[in-house]
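Working notes for the structure below.
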Amino acid sequence: MNDLPEYYFRVRDNGAFVFRVETQSRQRRIEMDQIAVVNIRSGQIKPHGDRILSKADMAAITDWMTERNVVLEQRKIDDIHRAVDYLNQTAHWVNTSASDDELDEVTDTLLLAMHDLRAVLVRKKADRLQKAAKKRLAGE
């Protein structure tokens, strides 16, 4: 039981509930005492109830927030790479095995989503190209 971390973070959409893990009870039970609520987006750390967080508590929480932000950023790009795979798999499915009824069910929604995505990608690429051209002109 001594291998357990001192803190446990129950992840939620925009942060976590922070618990201190206690393993020294007489019954050898694991007890988790909520000490704070964390909001990743705002960076806010709210002590639970009328608790006062120690320097060790704050250090553990801020370290977790830093690590969590890294994980979330990695997941974003990984999700996009998966979306590309899904688009390829979808094209293969449409080409090889989709029934007419299945195509009727998804075609319009897929076309609108792909049209929207294409428009955003083209606009963003044009913006990047314009920005690069301005930098080149300013540097010459």
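The values are calculated or read from the model by the stated rules, or taken from the named source; none is laboratory data. Just so it is clear, the model here is predicted, and its values are computed rather than measured. Positions of Cβ are backbone-derived with ideal geometry, glycine not excepted, and every protein chain shown enters the neighbour counts.
Among the residues of the stretch 59-66, are any of a type outside the set (A, V, I, L, M, F, W, C), at pLDDT below 95 and assigned by TED's automatic domain parsing to the domain that holds PHE9? No; the residues of the stretch 59-66 include none that is of a type outside the set (A, V, I, L, M, F, W, C), at pLDDT below 95 and assigned by TED's automatic domain parsing to the domain that holds PHE9. Of all residues in the stretch 33-77, those satisfying the criterion of being over 14 Å from ASN14 (Cβ atoms), in contact with a strand residue (DSSP E or B) (Cβ under 7 Å, 6 or more places away or on another chain) and charged (D, E, K, R) are ASP33, ARG51, ASP57. Of all residues in the stretch 90-107, those satisfying the criterion of being polar (S, T, N, Q) and either surrounded by 11 or more Cβ atoms within 10 Å (Cβ to Cβ) or touching a Lys or Arg at 6+ places or on another chain (Cβ under 9 Å) (or both) are THR90, THR107.
Considering (1) at pLDDT 95 or above; (2) in the same structural domain as LEU4 (by TED's automatic domain parsing); (3) over 25 Å from ASP3 (Cβ atoms); (4) in a helix (DSSP H, G or I), the lone condition that ASP108 does not fulfil carries the number (2). Condition (residue is closer than 20 Å to GLU6 by Cβ, modelled with pLDDT of 95 or more and out of contact with any His (no Cβ under 7 Å at 6 or more places or on another chain)) applied to the stretch 75-95: is it met by at least one residue? No, the stretch 75-95 contains no residue that is closer than 20 Å to GLU6 by Cβ, modelled with pLDDT of 95 or more and out of contact with any His (no Cβ under 7 Å at 6 or more places or on another chain). Kindly indicate whether any position in the stretch 57-80 is over 18 Å from the mean Cα position of the chain (by Cα) and surrounded by fewer than 13 Cβ atoms within 10 Å (Cβ to Cβ). For the stretch 57-80, residues over 18 Å from the mean Cα position of the chain (by Cα) and surrounded by fewer than 13 Cβ atoms within 10 Å (Cβ to Cβ): present.
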